[in-house]
Amino acid sequence: MKRVSDLAILDILTAPDPLLKKKASPVEKVTDEIRTLMDDMVETMYVAPGIGLAAPQVGVLKNIIVVDVSGNDEDPHPYKMVNPEITWASEELATYEEGCLSVPESFSEVERPARVKIRYMDENEQEHEIEADGLLATCVQHEIDHLNGTLFIDHISRIKRSIIMRKLTKMKKMA
Ligand code: K1U
Ligand code: ZN
């Protein structure tokens with residue numbers, strides 16, 4: 001962990017770390033500690049850089065994700081979601097070439113519902129339900145997968161997955 005001002009840049013776990021395969025638990029109460037964790041996760045995501053981050057990726061098995069898919073020429077729009085749930089998914093599917101901060105330097109096409117409704121609690125324990133499409137829908141589904149111990153490589157063929165895993169194991173040995 002590296003501290004910049006009052007925010008911390010958290011270490012991101014990479015596969016095959018066993019914590020990434022575990023299921024996270026619901027958050028009962030949004031405490032100051034949870035709010036600090038979410039702020040640190042947002043900062044860590046921006047520094048990485050990435051468009052999303054789930055708490056298990058920083059070693060915390062709690063149902064928390066952060067997402068910001070705003071473009072470089074737009075104002076930042078970070079979502080901090082506690083206990084996010086998909087309440088509806090379209091039958092229409094969309095394919096996106098996904099990456100993952102826990103699976104560095106590997107990308108693969110993944111097919112997921114094109115539109116989803118997400119229910120979540122914000123940092124002030126306010127409930128929201130939003131409808132997402134495009135990259136926001138893809139990214140939220142990818143992050144919620146992390147809460148269930150699923151990585152994007154679990155959605156691709158076994159042969160592609162084993163090529164990526166062999167590359168990751170080699171990279172870890174050389175580091
Ligand atoms: O969960 C993660 O590890 C973050 C991941 C999210 C994601 C990317 C693509 C599709 C679905 C979900 C990333 O952010 S990987 C890095 C990345 O996509 C990116 C980095 C810099 C600029 C733009 C995108
Ligand atoms: Zn990921």
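The values are calculated or read from the model by the stated rules, or taken from the named source; none is laboratory data. On a predicted model such as this, the values are computed, not experimentally measured, just so you know. Every residue, glycine as well, gets a Cβ built from its backbone with ideal geometry; the counts of neighbours run over all protein chains shown. Just the protein is used for accessible areas: all its heavy atoms, side chains included, with ligands, DNA and RNA removed. Shrake-Rupley method; radii C 1.70, N 1.55, O 1.52, S 1.80 Å.
What does the C-alpha gyration tensor say about the overall shape of segment 54-93? Classify as rounded when a/c is under 1.5, otherwise prolate if a/b is larger than b/c, or oblate.
Note, shape of segment 54-93 comes out oblate.
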Student exercise, segment 2-174 dipole from Lys, Arg, Asp, Glu Cβ charges, in Debye to nearest 20:
1360 debye
Regression test value, accessible area per residue of segment 2-174, probe 1.4 Å, units Å², expected 55 Å²
Divide the volume of the convex hull of the Cα atoms of segment 1-100 by its number of residues and quote the answer in cubic angstrom per residue.
143 Å³
Charge context of K173, other residues only, Cβ under 13 angstrom, K/R +1, D/E -1
+4
Ranking V110, P18, L53 by how far each Cα lies towards the positive end of the charge dipole of segment 1-119 (+1 on Lys and Arg Cβ, -1 on Asp and Glu Cβ), the top one is P18
Quarter of Cα convex hull surface for segment 2-174, i.e. mean projection, nm²
10.5 nm²
Relative contact order for the chain: what percent, with Cα pairs under 8 Å and sequence separation of 6 or more?
23 percent
Shape call, segment 43-134: gyration tensor on alpha carbons, a/c limit 1.5
rounded
Please identify the GluC sites (Glu not before Pro) of segment 1-47 that satisfy two criteria: DSSP loop assignment and at most 11 other Cβ atoms within 10 Å. Which are they?
E28
Solvent-accessible area, 1.4 Å probe, carbon plus sulfur percent, for the chain
50 percent
Might you report the magnitude of the Cβ-based charge dipole of segment 50-100 about its Cα centre, with Lys and Arg at +1 and Asp and Glu at -1, to the nearest 20 debye?
440 debye
Quick one: Cα centre-to-centre distance for segment 143-175 and segment 41-85, in angstrom?
20 Å
